[in-house]
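The values are calculated or read from the model by the stated rules, or taken from the named source; none is laboratory data. The model shown is predicted, which means the values in this text are computed figures rather than measured ones. Cβ placement follows ideal geometry from the backbone for every residue including glycine, while neighbour counts extend to all protein chains displayed.
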Amino acid sequence: MRVSTSQIYGTGLDSIQRQQAEVSRVQQQLASGKRILTPSDDPGGAVQALQFKESMARLEQYSRNGGVAESRLRQEEAVLGQVMDGMQRVRELAIQGNNASQTPETRRAIATEVRQQLDQLYNLANTRDGNGEYMFAGIASLDRPFSPTAAGAVFNGSAQTRDIALSDIQRVRLGDSGEAVFMGIVEGNGRFVATESAANTGSGVVQETSVPSPALWDGNPRTLRFTAPDAWEVTAVQLDVDGNPVLDGDGNPIEVVTATGSYAPGETLVFEGLSMRLSGAPATGDTFEVRPAEGQDMFAIYSSLADALEQPASTGPDRARQAGAIGRVLADLDQAGNRISDVRSSVGARLNTIEAQDSQRETEMLEMNRTLSEIEDLDYAEAISRFNLRMVGLEAAQQSYTMLARLTLFDFMR
């Protein structure tokens, strides 16, 4: 068989190129620190590495989500703390204004500060986050959530809120709607409210109320009337089987007496499952209206206090009505404080969830990084040994080619 010169040269060059390619590949592995440079290096390992990288990218996105949620909730937590501080100041002002030593002028000054606190409450309720979105507007985050009106605050936001994924199965609410934070705060003790009639001539004031026996109260309005300074009765509108008022011949609701009792100043009255402690001296004919508690906004509570402080209280009955109004505000502030505390607890629970997910995610990332390293990272000792071996092969191929290139026909004829 005859071998041409071109075949000899071609074979030599092919050998050199193969060796150079192997050396280059090992050099790339050493430079990158990776064993798998292309899927063909290890098809099975490449698929596994791709799956792990996709999972890790998803975890990194969840980590960013957690950072967004934590930042938003931390800001909300701080704002709610300021709301609580302002509410505590309003409580102090209410107690201060209810002191008998205050004059109309000092009460008006206190009312001015209450209205300043009301303005601050609006500012806090309309807080924007770092993205310029309203914190308490729900999903309508570009709309200013609260606007003051003569009748109280108007909520312009949405009751719906956004949430964000922390894992494949865990989501967390990004914030709270202002409706759930500042609106619908139940009055008084949460069950009923007792108010002094504007026509009262005595000094009786409702101090405390409670519902020791809820099953005994039907939830309908009652009127507590003093038939004498030391005697009282409770009346209610008579209802038919459908719950509608029974009317007399003139079309007026018929009232029936449902309870009676005696009274001494400071004594607690108990009737139909309800409890009321009064102070002062009610006059004959004085009435106190008992009705189911309703929802109100926090802004209205502040405004009610300012209104009560600004009312003239030069007579005993006027002072009693003012004291009663301020006392109801204090009870309402308790309810508002409970609401804010509940929301803050919810925010804290969500922050704890984020922290727990961060910890779990960190553990998962470490494990995935370890496994991914085992799949695609280079064994440097083995790679250096292989590099040296390939270099020896390349040098040998180059030397062989050089020697063949120098040979002539006369060298073969010797």
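A few points about this structure:
Yes or no, residue by residue, for (1) in contact with a strand residue (DSSP E or B) (Cβ under 6 Å, 6 or more places away or on another chain); (2) touching a residue at least 12 places away in the same chain (Cβ under 8 Å); (3) surrounded by fewer than 22 Cβ atoms within 10 Å (Cβ to Cβ):
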site: Ala306; (1), (2), (3): no, yes, no
site: Pro312; (1), (2), (3): no, yes, yes
site: Asp318; (1), (2), (3): no, no, yes
site: Asp332; (1), (2), (3): no, yes, no
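- Test: residue in region 97-115 that is closer than 23 Å to Gln335 by Cβ, part of a helix (DSSP H, G or I) and among the hydroxyl-bearing types (Ser, Thr, Tyr): no
- Counted residues, region 261-290 - those being of a type outside the set (A, V, I, L, M, F, W, C), surrounded by 13 or more Cβ atoms within 10 Å (Cβ to Cβ) and in a strand (DSSP E or B): 7
- The one condition from (1) on the phi < 0 side of the Ramachandran plot; (2) crowded, with 21+ Cβ neighbours inside 10 Å; (3) out of contact with any Phe, Trp or Tyr (no Cβ under 6 Å at 6 or more places or on another chain) that Ala153 does not meet is (3).
- Residue list for region 254-267, restricted to those being in contact with a Leu (Cβ under 8 Å, 6 or more places away or on another chain) and either closer than 19 Å to Asp318 by Cα or not charged (D, E, K, R) (or both): Ile254, Gly261, Tyr263, Pro265, Gly266
- Region 163-198, residues that are under 30 Å from Thr315 (Cα atoms), in contact with a helix residue (DSSP H, G or I) (Cβ under 9 Å, 6 or more places away or on another chain) and either surrounded by 16 or more Cβ atoms within 10 Å (Cβ to Cβ) or at pLDDT 95 or above (or both): Glu187, Gly188, Asn189, Val193, Ala194, Thr195, Glu196, Ser197
- Only residues that are closer than 19 Å to Phe288 by Cβ and in contact with a strand residue (DSSP E or B) (Cβ under 7 Å, 6 or more places away or on another chain) were counted in region 171-195, giving 7.
- Number of positions in region 49-86 that are over 19 Å from the mean Cα position of the chain (by Cα) and at pLDDT 95 or above: 1
- Among the residues making up region 337-363, those that are of a type in the set (Ser, Thr, Tyr) and either closer than 20 Å to Met84 by Cβ or surrounded by fewer than 14 Cβ atoms within 10 Å (Cβ to Cβ) (or both) are Ser341, Ser345, Ser346, Ser359, Thr363.
- Members of region 152-207 that are among the polar types (S, T, N, Q), touching a residue at least 40 places away in the same chain (Cβ under 8 Å) and touching a Lys or Arg at 6+ places or on another chain (Cβ under 6 Å): Gln207
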